[in-house]
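Novice: Please read through the structure below; I'll follow up with questions.
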Amino acid sequence: MSGRKPPLDDVRIVELGVGLATPFAARLLGDLGAEVLKVETPEGDPTRSTAPYYRADDGDERSALFEYLNYNKWGVALDPGTDRGVLDDLLSTADVLLIGDDIAQSATWGIDVGELHTAHPDLVIETLTPFGTTGPKAHWKATDLVLQAASGLLSFSGTAERTPLKRGLRQSTYQAGLTAAYAAEAAVVAARQHGGTVIDISMAECITSELVMTVPEYTFLGAVSARRPGVVDPLSGDPLPAGDGYVSAQVNSLTPISVFADFIGDRRLAEPQYETSEGRATRAAAVGEIFRSALEKEQPREFFERASARGLLAGFVQRADQLLDCPHLEAREVFRTMPGTLDGRPWRMPATTVSLSHTGASVRRDAPLLGEHTEDFVSRPKAGAL
């Protein structure tokens, strides 16, 4: 690092967020140096009560998920019924207001977005809701499963003989948070030249943006994407057994099947029936057995490293414990040791979201306690003094 100020050093964010997407967006901006004020009601963000819990250095149990979503923030607690004037004071010095994850947040704080934009014309106001703040679905609630289905993603997710397969964890909310973060960055640049704006983000539409092949295929070919057939070419990237885990391998015009046959040391793979994708698909079990027998004593990472050294298109599936010890992620300093202990042991989470040539992103402070910095910001509204 050169010692330069982080890129968003002079930007203040006010977050009125509960859930995952809005707090994650605000945290990403905080990672890049923005001063983020997490404003909560006296009851606090419900995520504070979400498992798993870690034991803090002072002995208290706290949510590990809340910690991940809310480090690099200052904590302010206000009563929506009596402290609306205080909130307006904070907004008068802010660059961005983030509201979400549902439309009820605006009602909780008595905010009319149009009126607020008129009162604070230089402020970027960004809302994150499942289906946007207008239209017939504006007041609908949604889980991650609902968002993935509404986006169109499930129309081609999984295999044809099964029901649609939801992507793991809660990826919709993190995708929406990422979208909100970079939209806010662009809006701040524009606001300093042309004034503030209102950004209405639909979380479902954020997921629709992942249909990078589905839409062009229909537009240019008239083809409707569907879930994959139950039997596919194992050398199109599907997991193949190796050692105590799984690897993947892909053939193409530059890497014919014979190259992989030589690489794994089993010339059976070069037999004519395996030359085409169709031939391999109809003999998927046999291809998997060839790899299993050739690689049963080789660990997946070793296979991947050898294949990469040869310039082959290959990969391997890492377990959670392997990710924590991954040399590549270690070199990029992705993981950070978090405060306290989890299940009696030190714990780490991915914290470095981006590496920049001059400044990078950093973790400057742990997630705040409820209202921890209220007095500081209510009495000192100017950004950047702490």
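Novice: Find all pairs meeting these conditions: Cβ atoms under 8 angstrom apart; at least six residues apart or on different chains; first residue within segment 247-267 and at pLDDT below 90; second residue in a loop (DSSP other than H, G, I, E, B) and of a type in the set (A, V, I, L, M).
Specialist: ASN252/LEU313; THR255/LEU312; THR255/LEU313
Novice: What helices (runs of 4 or more DSSP H) lie completely within segment 230-303 and have 3 or more residues being closer than 24 Å to LEU323 by Cα, of a type in the set (D, E, K, R) and under 36 Å from the mean Cα position of the chain (by Cα)? Break it down into steps so the answer makes sense when it comes.
Specialist: Working: elements: 257-264, 277-282, 284-295.
Output list is empty.
Novice: Within segment 187-213, restricting attention to residues that are in a loop (DSSP other than H, G, I, E, B) and among the hydrophobic types (A, V, I, L, M, F, W, C), which residue is surrounded by the most Cβ atoms within 10 Å (Cβ to Cβ)?
Specialist: From segment 187-213, those in a loop (DSSP other than H, G, I, E, B) are 195-197, 209-213; that's our starting set.
Add one more test, that the residue is among the hydrophobic types (A, V, I, L, M, F, W, C), and what stays is 211-213.
On the way: LEU211: 17, VAL212: 8, MET213: 11.
Restricting to residues being in a loop (DSSP other than H, G, I, E, B) and among the hydrophobic types (A, V, I, L, M, F, W, C), the top hit is LEU211.
Novice: Another one. Just the residues that are in a loop (DSSP other than H, G, I, E, B) and out of contact with any Leu (no Cβ under 9 Å at 6 or more places or on another chain), please, taken from segment 363-376.
Specialist: The answer is VAL363, ARG364, ARG365, ASP366, PRO368, LEU369, LEU370, GLU372.
Novice: Of all residues in segment 224-243, which are among the aliphatic types (A, V, I, L, M), over 18 Å from ALA281 (Cα atoms) and either surrounded by 12 or more Cβ atoms within 10 Å (Cβ to Cβ) or touching a residue at least 24 places away in the same chain (Cβ under 8 Å) (or both)?
Specialist: Once the filter is applied, which keeps residues that are among the aliphatic types (A, V, I, L, M), over 18 Å from ALA281 (Cα atoms) and either surrounded by 12 or more Cβ atoms within 10 Å (Cβ to Cβ) or touching a residue at least 24 places away in the same chain (Cβ under 8 Å) (or both), segment 224-243 yields only ALA242.
Novice: Moving on. Look at segment 34-55 and say how many of its residues are in a helix (DSSP H, G or I) and surrounded by fewer than 18 Cβ atoms within 10 Å (Cβ to Cβ). Show your work before the answer.
Specialist: Just the residues of segment 34-55 that are in a helix (DSSP H, G or I), to begin with: 46-49.
Those left that are additionally surrounded by fewer than 18 Cβ atoms within 10 Å (Cβ to Cβ): 46, 49.
Residues in segment 34-55 being in a helix (DSSP H, G or I) and surrounded by fewer than 18 Cβ atoms within 10 Å (Cβ to Cβ): 2 in total.
Novice: Please go through segment 137-164 and give me each residue that is in contact with a Gly (Cβ under 7 Å, 6 or more places away or on another chain) and either free of Cβ contacts under 8 Å to residues at least 24 places away in the same chain or among the aromatic types (Phe, Trp, Tyr) (or both), ordered by number.
Specialist: The answer is none; no residue qualifies.
Novice: Check segment 68-79 and report whether any residue there is farther than 30 Å from ASP343 by Cβ and free of Cβ contacts under 8 Å to residues at least 24 places away in the same chain.
Specialist: no
Novice: Could you grab the pairs with beta carbons closer than 6 Å, sequence gap of 6+ or different chains, first residue in segment 338-352 and over 18 Å from TYR174 (Cβ atoms), second one charged (D, E, K, R)?
Specialist: From residues that are over 18 Å from TYR174 (Cβ atoms), the pairs are PRO339/ASP366; GLY340/ARG55; GLY340/ASP57; THR341/ARG55.
Novice: Kindly indicate whether ASP102 is under 22 Å from ALA187 (Cβ atoms), at pLDDT 95 or above and in the same structural domain as GLN193 (by TED's automatic domain parsing).
Specialist: no
Novice: Across segment 214-229, which residue is farthest from SER157 (Cα to Cα) among those that are in a helix (DSSP H, G or I) and of a type outside the set (A, V, I, L, M, F, W, C)?
Specialist: Going through segment 214-229, the residues in a helix (DSSP H, G or I) turn out to be 214-221.
This time we only want the ones that are of a type outside the set (A, V, I, L, M, F, W, C), so: 214, 216-219.
Values: THR214: 11, PRO216: 17, GLU217: 16, TYR218: 17, THR219: 20 Å.
Only one residue fits best here, namely THR219.
Conditions (1) over 19 Å from the mean Cα position of the chain (by Cα); (2) closer than 15 Å to PRO368 by Cβ, marked per residue:
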position	(1), (2)
ALA26	no, yes
ASP45	yes, yes
THR50	no, no
ASP58	yes, yes
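Novice: Considering each of ARG48, ARG4, ARG12, ARG27 in turn, give the residue that is modelled with pLDDT of 95 or more and over 29 Å from GLU61 (Cβ atoms). Let's see the steps before the verdict.
Specialist: Details: ARG48 fails: over 29 Å from GLU61 (Cβ atoms); ARG4 fails: modelled with pLDDT of 95 or more; ARG27 fails: over 29 Å from GLU61 (Cβ atoms).
The conditions single out ARG12.
Novice: Among the residues of segment 60-80, which ones are more than 22 Å from the chain's Cα centre (by Cα) and either acidic (Asp, Glu) or not in a strand (DSSP E or B) (or both)?
Specialist: Residues satisfying the conditions are ASP60, GLU61, LEU78, ASP79, PRO80.
Novice: Something else: Might you let me know whether segment 294-301 holds any residue that is assigned by TED's automatic domain parsing to the domain that holds GLN250, exposed (fewer than 13 other Cβ atoms within 10 Å of the Cβ) and without any contact (Cβ under 8 Å) to a residue 60 or more places away in the chain?
Specialist: Yes, segment 294-301 has at least one match.
Table: residues versus (1) assigned to a helix (DSSP H, G or I); (2) buried (at least 19 other Cβ atoms within 10 Å of the Cβ); (3) among the acidic types (Asp, Glu); (4) in contact with a Lys or Arg (Cβ under 8 Å, 6 or more places away or on another chain).
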residue	(1), (2), (3), (4)
THR82	no, no, no, no
VAL86	yes, no, no, no
ASP89	yes, no, yes, no
ILE111	no, yes, no, no
PRO121	no, no, no, no
PHE131	no, yes, no, yes
PRO136	no, no, no, no
HIS139	no, no, no, no
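Novice: Next up: Scan segment 295-340 residue by residue and report those that are in contact with a Ser or Thr (Cβ under 7 Å, 6 or more places away or on another chain), closer than 19 Å to GLY265 by Cβ and among the small types (Gly, Ala, Ser).
Specialist: ALA314
Novice: Sticking with this structure for a sec: From ALA119, ALA77, ALA94, ALA64, grab the single residue that is more than 28 Å from VAL378 (Cβ to Cβ) and either touching a strand residue (DSSP E or B) at 6+ places or on another chain (Cβ under 7 Å) or at pLDDT 95 or above (or both).
Specialist: Only one candidate passes the filter, namely ALA64.
Novice: Let me ask something else. If only one of ARG12, ARG4, ARG27 is in contact with a His (Cβ under 8 Å, 6 or more places away or on another chain) and within 22 Å of VAL189 (Cα to Cα), which one is it?
Specialist: On inspection, the qualifying residue turns out to be ARG4.
The values are calculated or read from the model by the stated rules, or taken from the named source; none is laboratory data. Note that the structure is a prediction, hence the values are computed from the model and not measured. Neighbour counts run over all protein chains shown; Cβ positions are idealised from the backbone, glycine included.
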